[in-house]
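Beneath this line is the structure, given in structure tokens, with notes to follow.
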Amino acid sequence: MAPSRWIFKPAELWPDDDLVAAGGDLEPPTLVDAYRRGLFPMIVDAPRRVLGWWSPDPRGILPLDGLRVTRSLQKSARRFDVRVDTCFEAIMRGCADPRRPHGWITADFVQAYTRLHELGWAHSIEVFDRRGHLAGGLYGVRVNGLFAGESMFSLQRDASKVALLHLVALMRTSGMTLLDVQWCTPHLASLGAIEIPRTAYLRLLADAVDTLIASPR
């Protein structure tokens, strides 16, 4: 892959704010470089809509040995069929549903991450019911031992949780080490996500992206 047109400041020069930079583009080299550095893009709405690059402090991660799997979730998992990378764009569009509160995934994001998926960097976990209907799922970006979770959705109860359960299992089996969830929301915390300082996250990230492993399937 060609290098990015843009240069991100080193982490030691980042502001004490979740928003680190603004501008740039969503081209594959820019996105991959950003994730390698601990950044991800979201739109900044005020005072005008621009592309922002974020690195929350504290950062939300889900330790791979810390996922909380209830009996109810185990039972739900048996009701679904889970697949990987069979309908990436459909998963993104499910996450981008404008009826969802605080939506931020625009058509430009769908196009950019679908392109990233075609290049082998972005992946989806898809959950189908027994009738073959898409029930939910998640997507994110993988760079070696890192999986940067971007968004997930459910059309049926527990579908996104089942996708997360499958993702964690795949990561553990393949030797991946870091599951980034960006911000630790109450929902993610109920599943086992924790907050760590940005500096600690960047240390874990450096180890993860330097770990060469095969893509999970």
Q.
Compute and list, largest first, the equivalent-ellipsoid semi-axes of segment 32-144 from the alpha carbon gyration tensor, each √(5λ) rounded to a whole angstrom.
A. 27, 18, 16
Q. Under a Cβ-Cβ cut-off of 13 Å, what is the net charge of the residues other than ARG79 that fall near it, where Lys and Arg count +1 and Asp and Glu count -1?
A. +3
Q. Expressed as an acute angle from 0 to 90° and rounded to the nearest 10, what is the orientation of the C-alpha long axis of helix 159-174 relative to the principal long axis of the chain?
A. 70 degrees
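Would you kindly state how much longer the chain becomes between TRP6 and LEU73 on full extension, computed as 0.36 nm times their sequence separation minus their alpha carbon distance, in nm to one decimal? Numbers along the way, then the final one.
Numbers: separation 67, 0.36 × 67 = 24.12 nm, distance 4.30 nm.
Gain on stretching TRP6 to LEU73: 19.8 nm.
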Q. Residue by residue through segment 140-147, which ³J(HN,Hα) values in whole Hz follow from phi under the Karplus form 6.51 cos²θ - 1.76 cosθ + 1.60 (θ = phi - 60°), with glycine and proline marked x?
A. x, 10, 10, 10, 6, x, 9, 10
Q: Among the trypsin sites (Lys or Arg not before Pro) in segment 85-182, which ones are in a DSSP loop with at most 15 other Cβ atoms within 10 Å of the Cβ? Mind listing them?
A: ARG99, ARG130, ARG131, ARG157
**Q.** trypsin sites (Lys or Arg not before Pro) within segment 1-81, DSSP loop, no more than 13 other Cβ atoms inside 10 Å
**A.** ARG5, ARG48, ARG49, ARG68, ARG78
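Can you bin segment 11-54 into rounded, prolate or oblate? Criterion: square roots of the alpha carbon gyration tensor eigenvalues sorted a ≥ b ≥ c, rounded for a/c under 1.5, prolate for a/b above b/c, oblate for the rest. If you can, show how the numbers build up before the last one.
Values: a/c = 2.47, a/b = 1.12, b/c = 2.21.
Oblate is the answer for segment 11-54, as a/c is 1.5 or above yet b/c matches or exceeds a/b.
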Q: Treat each spin label as a single point 7 Å out from the Cα along the C-beta direction, and report the THR185 to THR211 distance in nm.
A: 2.6 nm
Q) What is the distance, in nm, between label points placed 7 Å from the Cα along the Cα-to-Cβ direction at TRP104 and at LEU19? A) 1.1 nm
Q: List, in order, the whole-Hz ³J(HN,Hα) value for each residue of segment 53-61 obtained from phi through the Karplus relation with A = 6.51, B = -1.76, C = 1.60 and θ = phi - 60°; use x for Gly and Pro.
A: 10, 10, 8, x, 9, x, 9, x, 9
(Q) Can you give me the C-alpha center-to-center distance between segment 15-69 and segment 163-217, rounded to a whole angstrom? (A) 15 Å
Q.
Using only the alpha-carbon atoms, how far is helix 198-209 inclined from the longest principal axis of the chain? Give it as 0 to 90 degrees, nearest 10.
A. 70 degrees
Q.
I'd like the orientation of helix 28-37 relative to the chain: the angle between its Cα long axis and the longest Cα principal axis, in ° from 0 to 90, rounded to 10.
A. 90 degrees
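Rule-based calculations on the coordinates, nothing more; no lab input. Remember, it's a predicted structure, so these values are computed and weren't measured experimentally. Cβ atoms come from the backbone with ideal geometry, glycine included; neighbour counts cover every protein chain shown.
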